[in-house]
1. Working only within region 266-319, note down all residues that are closer than 23 Å to residue 256 by Cα and charged (D, E, K, R).
2. Residue 228: surrounded by 18 or more Cβ atoms within 10 Å (Cβ to Cβ) and more than 12 Å from residue 141 (Cα to Cα), yes or no?
3. How many residues does region 149-194 hold that are of a type in the set (D, E, K, R), within 24 Å of residue 254 (Cα to Cα) and modelled with pLDDT of 85 or more?
4. In region 76-96, what residues are surrounded by 17 or more Cβ atoms within 10 Å (Cβ to Cβ) and among the polar types (S, T, N, Q)?
5. Going through region 40-68 one residue at a time, which ones are out of contact with any strand residue (DSSP E or B) (no Cβ under 8 Å at 6 or more places or on another chain) and either more than 26 Å from residue 107 (Cβ to Cβ) or at pLDDT below 80 (or both)?
6. Just checking, how many residues over region 248-268 are loosely packed, with under 13 Cβ neighbours inside 10 Å and free of Cβ contacts under 8 Å to residues at least 40 places away in the same chain?
7. Restricting to region 206-222, name every residue that is touching a Pro at 6+ places or on another chain (Cβ under 8 Å) and modelled with pLDDT of 85 or more.
8. Could you please give the count of residues in region 243-263 that are out of contact with any Gly (no Cβ under 8 Å at 6 or more places or on another chain) and under 16 Å from residue 136 (Cα atoms)?
Amino acid sequence: MDLFALRFLFVLIFAAACWFFRPFGVHGWVAAVAGAAAAALIILFELRVRALTLRRLIGAVIGSLTGIAGAFLFSLVLRNSLPEGHERSLVQLGVLLLMTYIGLVVGASKGDLLNLAALGGLFAGERGVRRSTKILDTSSIIDGRIADIAETGFLEGTLIIPEFVLRELQMVADSSDSSKRQRGRRGLDVLQAMRANAQLTVQIAEEDYPNIREVDLKLIELARHLEAKIVTNDFNLNKVAQVRGVPVLNINDLANSLRPVVLPGEKMRILVMKEGKEFDQGVGYLDDGTMVVVDHARRLIGRTVEIAVTSVLQTASGKMIFGKLDETPRPEPVRAIEVSAP
């Protein structure tokens, strides 16, 4: 059964139970609405718990149990200090909630310090499962190559699409700029194709960080929380994530590593398509989109020329090839000379 349908059924059953039993003597429909709201809060709590790592979950359980034990000891002191009545019960309940909350929060925050490997092989796979998780950013989805890469099997594990990335992609698809709108819709089509592929495990992460405004920083925080890697082709996000210690899989780096190696001195034929930034330069492109800058080729725009590679510039954002016109003299064809007989 779909998870959404299961949650909806849980809310419906909880509301029906409250309507039937009418706790605290409230009206039936009021009890049903209150039950549905309580079930929604339980589902919200379940969503937050699902996002926790096993270490944080164990830390939260240990912290909450410690808080409950402390509240019990504190209530024994209150029993002998305050007279019996509603005031003492209220103070004891408040101490119980306070100690449990503090223990839960502190235990969850300190749970990352736990060494689960010391408990044996039961939790040995926790870190490996987390490390196989990949988080996709907006640029990698719009780029479109991620679908082909994932389909070939080079990206193992679960692919996570954060909810805030979907919102950003939707804003791009609804943009008034036709170019941005086309790119956003292509990204949505890529996501639809990936979710329809039975060989891929694609999940939507509902975690959000309202106190963080930038999407890139939200991605980094989510990757640190899930101990996952970020898949992107955004140069700035790549650098910021590396500074913060988050591993990144750059699609441009992968594409560059798969391109044929071009060495200085090699010959190639290129179609000069436009003029370059510098004086008398021409620019062409290889089949994979690599830019080729040719010296003294401005006058040859629209023509296919043979060039000799002079240098190659390799960066994280792509590759550029520089070359010059091949002026190697070609041997003239030998002409046959007819000799008449004397």
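1. If the condition is that a residue be closer than 23 Å to residue 256 by Cα and charged (D, E, K, R), then 266, 267, 269, 287, 288, 319 are the ones that fit.
2. Details: surrounded by 18 or more Cβ atoms within 10 Å (Cβ to Cβ): yes; more than 12 Å from residue 141 (Cα to Cα): yes.
Yes; evaluated as a whole, the condition is true for this residue.
3. Initially, region 149-194 is screened for residues of a type in the set (D, E, K, R), giving 151, 156, 163, 167-168, 174, 177, 180-181, 183, 185-186, 189.
Next cut, within 24 Å of residue 254 (Cα to Cα) only: 151, 156, 183, 186, 189.
In the following step, the residues that additionally are modelled with pLDDT of 85 or more were identified as 183, 186, 189.
Going through region 149-194 one residue at a time, the tally reaches 3.
4. Going residue by residue through region 76-96, those that are surrounded by 17 or more Cβ atoms within 10 Å (Cβ to Cβ) are 92, 95-96.
Scanning region 76-96 gives a single hit, 92.
5. The initial filter retains those residues of region 40-68 that are out of contact with any strand residue (DSSP E or B) (no Cβ under 8 Å at 6 or more places or on another chain), namely 40-50, 52-68.
Selection gives 47, 48, 49, 50, 52, 53, 54, 55, 56.
6. Of region 248-268, the ones loosely packed, with under 13 Cβ neighbours inside 10 Å are 257-258, 260-261, 263-265, 267.
Still in the list and also free of Cβ contacts under 8 Å to residues at least 40 places away in the same chain: 257-258, 260-261.
Going through region 248-268 one residue at a time, the tally reaches 4.
7. Selection gives 218, 219, 222.
8. Total satisfying the criteria: 8.
The values are calculated or read from the model by the stated rules, or taken from the named source; none is laboratory data. A quick note: this is a predicted structure, and the numbers were derived from the prediction, not measured. Please note: Cβ atoms are built from the backbone with ideal geometry, for glycine as well, and neighbour counts cover all protein chains shown.
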